[in-house]
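Notes to accompany the following structure.
The values are calculated or read from the model by the stated rules, or taken from the named source; none is laboratory data. Just so you know, these numbers come straight off a predicted model, no measurement behind them. FYI the Cβ positions are ideal-geometry reconstructions off the backbone, even for glycines, and counts take in every protein chain you see. Side chains included, ligands, DNA and RNA excluded: accessible areas come from the protein's heavy atoms. Shrake-Rupley method; radii C 1.70, N 1.55, O 1.52, S 1.80 Å.
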Amino acid sequence: MSEATYVAFVPKAKRAKLRALLQTEDMGDLAWRERKRLFGSDFYFSGPPTLARQAHAYVTSWLNGRSL
């Protein structure tokens, strides 16, 4: 089974909200981790390529204020 990792930068003002959401959701085969930076965090999503890409697209859309 192949695996892919996608990274999304989340500004400091939104990272706690995203972290709380990810901690409450059943992520199945998708794993995530956070690496805190000075002005925000890098969120890494790893798992099956399609699932990791969908998670990245959702977070990117959420950060831009658009819903899917």
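Side notes on the structure shown:
- Qualifying residue in the range 46-63 (condition: part of a strand (DSSP E or B), surrounded by 11 or more Cβ atoms within 10 Å (Cβ to Cβ) and of a type outside the set (Lys, Arg)): yes
- Long-range neighbours under 9 Å by Cβ, at least six apart or interchain, first residue in contact (Cβ under 8 Å) with a residue 24 or more places away in the chain and of a type in the set (S, T, N, Q) within the range 1-23, second in a helix (DSSP H, G or I) and open to solvent by less than 60 Å² (accessible area, probe 1.4 Å): SER2/PRO49; THR5/ALA52
- Restricting the range 24-68 to residues that are aromatic (Phe, Trp, Tyr) and modelled with pLDDT under 95, the residue that is nearest to PRO11 (Cα to Cα): TRP62
- Among the residues of the range 1-22, not one is farther than 20 Å from ASN64 by Cβ, surrounded by fewer than 12 Cβ atoms within 10 Å (Cβ to Cβ) and at pLDDT 95 or above.
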